[in-house]
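Below is one structure, written out as C-alpha cells; the observations come after it.
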Amino acid sequence: MAAAPPQMRRIPTEQFFDLRNWSADKAEDYGGKASMIVHTMMLSKLEQIKQVTTELHDGNMILIDFTPLTSDQETLHKILAELERAVADIDGDLVGVSQKWIVVAPNGVRVSRKKMSN
C-alpha cells in the first residue's frame, strides 16, 4: 500500500505577526498526532501540582507562570519543592526561565541553561 502524500499546510502571508490581538483559540493547528504536548498554565495553588505531575508522567512539558504566587513566598517554596520531587522521580528537568516562569520537562527532555545568541 502506497504512503499517503504529505498534508499541505496553510502558511501565513503576513510579514509581521501581531501578538496583541492573538489568542490560542484562534491559532491554527498545523500538525497531526504529536509525541509530546507543551502545555502552559497559570499556577496559583498547591493542588495544581497533581495536574502537572500527571502531564509529566504522560511525557508532556509544561510552561508555568507562577505570577499569582510571587507575593506568597511560603506557598511558592512548597510548590517548587513538590515540583522538584516530581521531576526527580521521573528524571525530568525543571528550569527557571525568568523571574515568573519555569519550564517543567519529562524524562528524555533537557532544557538548556544557556540562552541562544546570534
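Values quoted throughout were computed directly from the atomic coordinates according to the rules given, and no laboratory measurement underlies them. Treat the numbers as computed from the prediction; the structure is a model and nothing was measured. As a convention, Cβ positions derive from the backbone with ideal geometry for all residues, glycine included, and neighbour counts pool all protein chains shown.
How large is Rg/Rh for region 36-105, to two decimals, with Cα atoms and a Kirkwood Rh? Let's see the in-between values first.
Numbers: Rg = 10.9 Å, Rh = 11.9 Å.
Reported Rg/Rh (Cα atoms, Kirkwood Rh): 0.92.
A cut-off under 13 angstrom between Cβ atoms defines the neighbours of residue 62, and their net charge, with Lys, Arg +1 and Asp, Glu -1, is -3. If we count every other residue with Cβ under 15 angstrom of residue 43's Cβ, Lys/Arg +1 and Asp/Glu -1, where does the sum land? Neighbour charge sum, excluding residue 43 itself: -3. Testing the spin-label approximation: label points 7 Å from Cα along Cα→Cβ at residue 110 and residue 37. State their distance in nm. Going from the residue 110 label point to the residue 37 one covers 2.8 nm.
Of all lysines in the structure, the ones whose alpha carbon falls short of 21 Å from that of residue 50, not counting any fewer than 8 places away in one chain, are 78, 100. Where does the charge balance sit around residue 52 when Lys and Arg score +1, Asp and Glu -1, over other residues with C-beta under 14 Å from its C-beta? Counting the neighbours of residue 52, the net charge comes to -4.
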